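The values are calculated or read from the model by the stated rules, or taken from the named source; none is laboratory data. Since the structure is predicted, the reported quantities are computational estimates derived from the model, not experimental observations. Backbone-built Cβ (ideal geometry, glycine too); neighbour counts: all protein chains shown. Accessible surface areas use protein heavy atoms only, side chains included; no ligands, DNA or RNA. Shrake-Rupley method; radii C 1.70, N 1.55, O 1.52, S 1.80 Å.
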Amino acid sequence: MTKVTGNRRSQTEEIRLSVRVAEESGTSVDQVLRTLSSSKQGLVENDALARLKKYGKNEVSHEKPPTWYGQLLQSFNNPFVYILIGLAVVTYVTDDREATIILTMMVVISGVLRFVQEYRSTQAAEKLKALVSTTATVMRRNRLDNPGKQREIPISELVPGDIVHLAAGDMIPADVRLLSSKDLSVSQAVLTGEALPVEKYDTLGGVVEKRADVVVQDEGSFLDSPTICFMGTNVVSGTAIAVVVATGDRTYFGSLAKNIVGKRVLTSFEQGVNRVSWLLVGFMAVMVPIVFLINGLTKGDWGNAFLFSVSIAVGLTPEMLPMIVTANLAKGSVAMANQKVVVKRLNAIQNFGAMDVLCTDKTGTLTQDKIILERHVDLHGYESEEPLEYGYLNSYYQTGLKNLLDVAVLEHVELNTKLRPTEGYRKVDEIPFDFVRRRMSVVVEDLNPSGEKHILICKGAVEEIFSICSHGKYQGSITPMSEFVRSDGLRVTKELNKEGFRVIAVAYKEIAIPQDSIPSYGTKDESDLILVGYLAFLDPPKDSASQAIMALQESGIAVKVITGDNDIVTRKICKEVDLQVDGLLLGAQMEKMSDEQIADIVDTTTVFAKMSPIQKAKIIRILRSKGHTVGYMGDGINDAAALRDADVGISVDTAVDIAKESADIILLEKNLMVLERGVLEGRRTFGNILKYLNMTASSNFGNVFSVMGASAVLPFLPMQPIQLLTQNLLYDISQITIPFDNVDQDFLRKPQKWNVPNIGRFMLFVGPVSSIFDYLTFIVMWFVFGANTPEQVQLFNSGWFIQGLLSQTLIVHMIRTSRWPFLQSTASLPVLLLTGIIMVIGLVIPFTPFGAALGMVPLPMRYFGWLWAILGAYCLLTQAIKMWYIRIFGKWL
């Protein structure tokens, strides 16, 4: 097993040390301000400018889109292209202009095709980047003795020590320490993957002020610090004043971004291309000198022998491969674009097909990233409408910013029920939510004739509601809150929690309408309430998730969940989407394990919960080190490193910029079924690449094998170099339509990877089959048509030219499928038409002036009887070899 690079402890410590906020969260407000040489009045402008020069702009490291000329040069960065360029140089030096032109054309066409496709994809991806806030509200002073004034400045100009004002809807512009806040709730989903916003301590006044000075002992949990807000997160509700403690790459966001900037590791596709390139170089290194020596020793013309050996090198090289690969990938990209998928890097399409492990974040990928009300139950856990009705009245009449839970209650009632709870009620007053009480209340008047009372309805955290309830209501009867009722209520809520639900309690009390004054209600009235039940919320799975996971598993892809969320919620979601959890690993457990220990269990573990961004990336690297081709799907900042380390990173257009920069593929819809279609498209693309590579490499190898034998026994060249190059060009043209070919269903059922030994084996076993019939053609041409005069030698060359081209073109249909060609598996119409046209051209060339210019002569009619017999026997033997090969080695392509 390959050792995973990087030390576990040093990577974790590097992240912690780079986030200065980790140490600031454990100190008092005054101490933070002293440390940062700041005050609540804000920084002096000159001081801020000096700090900007010292710390740099508040910008994180990121990869800028490549320039068009840089991307153009990168399009030619391919091992096959290097081989072709080398051969083109040699043919140019040896004055073989035709070969030089052909090779140069292949290089240019391949590079330009790749450049055009990837440049367009890059431009599309740039346009998809989400718009983010570009300014922040800060306190600044002109002079030290002046009071601070609020002003808007670009986020990039923020410096440590700046005092910033935050409100609902704002993006946190840097890592900040709260100085004061009011009902502050922040969504940290992009960092942690948790769908629900987290509460930040209200540091205003009295007893609450003490909570702002909480010391966070566990450095590993600084993301959970109640006094810290992190760059890139969003304010859901409330307001706050905070001091900036870290900017740019020193923020938690920045530390993640810094880890993903730089050269990417080679994906499985790129590694496979390199191995195949060296395989072909190895064959050339052996075959070409042998041909050169045999021809030089037997013919005595070492100059001509050199030219012929160069043409053999060209013939042995699948020079169309870069263009065929690029055309295949470009076609796949177009097909995926029709499925609302932007392919940023073409190689990712093949990696899609080779992928045998898909790791995915939970929030927004398996789930809808939307909180819904799933259940409403009474005190003992039975379904009941009463807590839903009271809960709706509470959410409907409150005037504060409605949180995700309120929205879920309102939508549930309005879309899924016939209830109209507000009929017959009028709002009287409300007691707003705060993070000390962790509950909120509304007071409504019952307008029914029999009512004439006020009803205080309170909902909030279970423990807080329990503390203010004196009675419970079950099936219409009200009983005191005995120990049994409390313990049974805790049992119900714990069971719901274990199922992954977020639970809040609902209670009420009836109040006689005061006759002599205008009623005014406050927190003192939140007492002696009657508990009616619980509302249970969940971020539900996507409708397509279960179907997509089943389809992926049927396609041979193991699905694993890597999330920053907790294990209870993750297990629940996995159950909902029919993903069996065979093993579960928590981030805290992983932190204590060595790479080798993780590698021992990574294959049998389905869920990795409470994982940090670095841990996510490590799991990806360990899976890859074990030979897996790994895909990762995520959309948050915490997913960026894993997206980059995967063979294929998948994100969505609503993802944060840093995730989209790291991804290879961007989905315009969060639809998991697109993944399954992408996998099949990747396999189809790779199947057509393998067809070309195997049929060309084996056919070219067979030709070289034939030439070696002929060179040893014939007193002349069996085919002139220019004829060999022309034949090779026509054969290559016949394969241009392979990207549009059909692929057998059995090939699409399982992951497909580069199998370099199989390619070499394929060349050695299938290639020489054509040589048998080449030698048979030599025998026929020698003994039936003669080879003693220059005219007969030309006839010999022409005869082998036609037989060689037709056999090579027919082999396209023999090799493209593991089944019987034409009977069980038929090529696509473009392939049938083009191969047919090339065969006709090959038959006609010797009868044309162009053929005469190449040194060919017309062939007699009796030649064609021999030709059809040889080709028929060739097809039958190739099919027999194919069936034997599959039986012995278990695969064809």
Rg (one decimal) and Dmax (whole number) from the Cα set of segment 674-791, in Å, equal 18.7, 65
Expressed in angstrom and rounded, the centroid-to-centroid distance over alpha carbons for segment 813-848 and segment 397-426 is 67
quick note, the chain, DSSP beta bridge pairs, % antiparallel (nearest 5) is 75
For the chain, the longest principal axis of the Cα atoms and the Cα long axis of helix 672-713 enclose an angle in degrees, to the nearest 10, of 20
Tilt, helix 79-93 to longest principal axis of the chain (alpha-carbon atoms), in degrees rounded to tens, equals 30
In units of 2.2 N^0.38 Å, the Cα radius of gyration of the chain is 1.24
Descending packing, highest mean Cβ count within 10 Å first, for 848-861, 530-543 is 530-543, 848-861
So the number of lysine pairs in segment 411-521 with alpha-carbon atoms under 14 angstrom apart, 8 or more residues apart or on different chains, is 4
At q = 0.09, 0.10, 0.16 1/Å the base-10 log of I(q)/I(0) from the Debye formula over the alpha-carbon atoms of segment 740-893 is -0.36, -0.44, -0.95
Toy charge model, Lys and Arg Cβ at +1, Asp and Glu Cβ at -1: the chain dipole around Cα centroid in debye, rounded to 20, equals 2480
Compactness summary of segment 574-679: radius of gyration and Dmax from Cα atoms, Å, are 14.0, 39
Scattering profile of segment 565-633 from the Debye formula, Cα beads only, expressed as log10 I(q)/I(0) at q = 0.16, 0.26, 0.28 Å⁻¹, is -0.54, -1.32, -1.42
Phi-derived 3J(HN,Hα) across segment 377-391 with the Karplus relation (6.51, -1.76, 1.60, θ = phi - 60°), rounded Hz, x for Gly and Pro, is 10, 7, 4, 9, x, 8, 4, 8, 7, 4, x, 5, 5, 5, x
Relative contact order of segment 728-839 (C-alpha contacts under 8 Å, at least 6 apart) in percent is 47
Segment 734-805 and segment 681-700 have their Cα centres apart by a whole-number Å value of 15
What the Cα atoms of segment 631-743 span along the principal axes, largest first and in whole Å, is 71, 27, 19
Rounded to the nearest 10 Å², the accessible area of His454 using a 1.4 Å probe with every protein chain kept is 10
Heavy-atom accessible area of Trp868, protein chains in place, probe 1.4 angstrom, given in Å² to nearest 10, is 130
Here D for segment 372-507, in µm²/s, from Stokes-Einstein with a Kirkwood Rh over Cα pairs at 25 °C and 0.890 mPa s, works out to 158
Within segment 503-610, the percent of DSSP beta bridges that are antiparallel, given to the nearest 5, stands at 55
Rounded to the nearest 10 degrees, the helix 268-299 long axis (Cα) sits at an angle to the longest Cα principal axis of the chain of 10
The orientation-averaged projected area of the Cα convex hull of segment 824-893, in nm², is 6.9
Gyration tensor (Cα only) of segment 443-593 to equivalent ellipsoid, semi-axes in Å sorted down, yields 45, 18, 14
